[in-house]
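Only one structure is covered here, and it is reproduced in the block below.
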Amino acid sequence: MLTQFEHFAVTSMMGSSDSPPRANGTLCFAEDWERQSFGVALALARAGHFEWEDFRQNLIASIGAWERDDDPGRPAWNYYEHWLTALEATLVQAGLAAPDDLAIGASASAVSG
């Protein structure tokens, strides 16, 4: 069962270009990191660390940049890659993380994963 904020966050995106993937009405996560990044974004927004709309606009921007990129070598589509990109941008904008901190974390997870 979703909390009131989670329900608001998910339904505010339904039918929009930034709507999360669903199957039979439930959210779809192919990997654990997708579920975790989804949960982190909701938890931080619900706790007031950033505005949900700021995150949503960063998500729309990331998806739009991917759509405009006509390079045949661009990464394959993955909604949660854009979710994570938007979360990282929002964390930096809110002053919760520095870009270098996020780069270090990505490198460490790539090495351990």
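The values are calculated or read from the model by the stated rules, or taken from the named source; none is laboratory data. Computed from a predicted model, the values in this text were never measured in an experiment. Here Cβ is always computed from backbone atoms with ideal geometry, including for glycine, and neighbour counts include all displayed protein chains.
Considering only region 67-104, state which residues are out of contact with any Ser or Thr (no Cβ under 9 Å at 6 or more places or on another chain), under 21 Å from residue 53 (Cβ atoms) and either modelled with pLDDT under 90 or among the β-branched types (Val, Ile, Thr) (or both).
If the condition is that a residue be out of contact with any Ser or Thr (no Cβ under 9 Å at 6 or more places or on another chain), under 21 Å from residue 53 (Cβ atoms) and either modelled with pLDDT under 90 or among the β-branched types (Val, Ile, Thr) (or both), then 90, 92 are the ones that fit.
Quick one: what pairs do we get from region 66-88, first residue among the small types (Gly, Ala, Ser), second in a helix (DSSP H, G or I) and surrounded by fewer than 17 Cβ atoms within 10 Å (Cβ to Cβ), C-beta under 9 Å, 6+ apart or different chains?
Hits for this filter: 86/57; 86/60; 86/61.
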